[in-house]
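Remarks on the structure that follows.
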Amino acid sequence: MTHSSEAQPISRRRFLSLSGQGALLAGVAIGTGSLWPRWAQAEPDLAAGLLRMGRDIYPHDAIEDTHYLTPLEPLLESRRALIADGLADLDRRAHEAHGRRYADIEQEADRAALLREIEDGDFFQTVRGTLVVGLYDNPALWEPHFGYEGASWQQGGYLHRGFDDLTVDWL
């Protein structure tokens, strides 16, 4: 009889099982990290602020972070000062009102109130305009997230693609 505290030799089956579990965890960790664009991995604070702001402006829980961050990458190259200064101003307002950074505020209503303060400014309008195109003009999101099949004119229009079952008499 052996005591459970004694070291027992590991069986081949147990070794393969543990190795497989380790490889799976490593794959998940690598896969999760690669969902964010490279710039976002290099600048996590900037990415976290923009991601939180984008998700507050266009809230879709089922859409992955990368679909919010990827359209913003060219914006960071062309208007980097506007984005960095805008997020710094948003964080300053968040610290004054809540004692923490904008992205760290837990209540959505509190973050929305901060965004309403800046909604007429160039920073907010630039991010909003970039994301409206980046999210809603992305064919990868149309069908699975929005139920939109895409444009119909290339295929003869809506009436000949299965939308002719509508009971609308004005078509």
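Among the residues making up the stretch 47-66, those that are modelled with pLDDT of 95 or more and in a helix (DSSP H, G or I) are ARG52, MET53, GLY54, ARG55, ASP56, ILE57.
Looking at ALA94, is it modelled with pLDDT of 95 or more, touching a Phe, Trp or Tyr at 6+ places or on another chain (Cβ under 8 Å) and open to solvent by less than 30 Å² (accessible area, probe 1.4 Å)? Even if it seems obvious, please write down each step before you answer.
Numbers: modelled with pLDDT of 95 or more: yes; touching a Phe, Trp or Tyr at 6+ places or on another chain (Cβ under 8 Å): yes; open to solvent by less than 30 Å² (accessible area, probe 1.4 Å): yes.
Against the criterion (modelled with pLDDT of 95 or more, touching a Phe, Trp or Tyr at 6+ places or on another chain (Cβ under 8 Å) and open to solvent by less than 30 Å² (accessible area, probe 1.4 Å)), ALA94 qualifies.
Residue pairs whose Cβ atoms lie under 7 Å apart, separated by 6 or more positions or on different chains, with the first residue in the stretch 72-88 and free of Cβ contacts under 8 Å to residues at least 60 places away in the same chain and the second surrounded by fewer than 17 Cβ atoms within 10 Å (Cβ to Cβ) and among the charged types (D, E, K, R), are LEU82/ASP122.
The values are calculated or read from the model by the stated rules, or taken from the named source; none is laboratory data. Note that the structure is predicted; figures quoted are calculated from it, not measured. Backbone-built Cβ (ideal geometry, glycine too); neighbour counts: all protein chains shown. Each accessible area value is taken on the protein alone, full model and side chains, heavy atoms only, with ligands, DNA and RNA left out. Shrake-Rupley method; radii C 1.70, N 1.55, O 1.52, S 1.80 Å.
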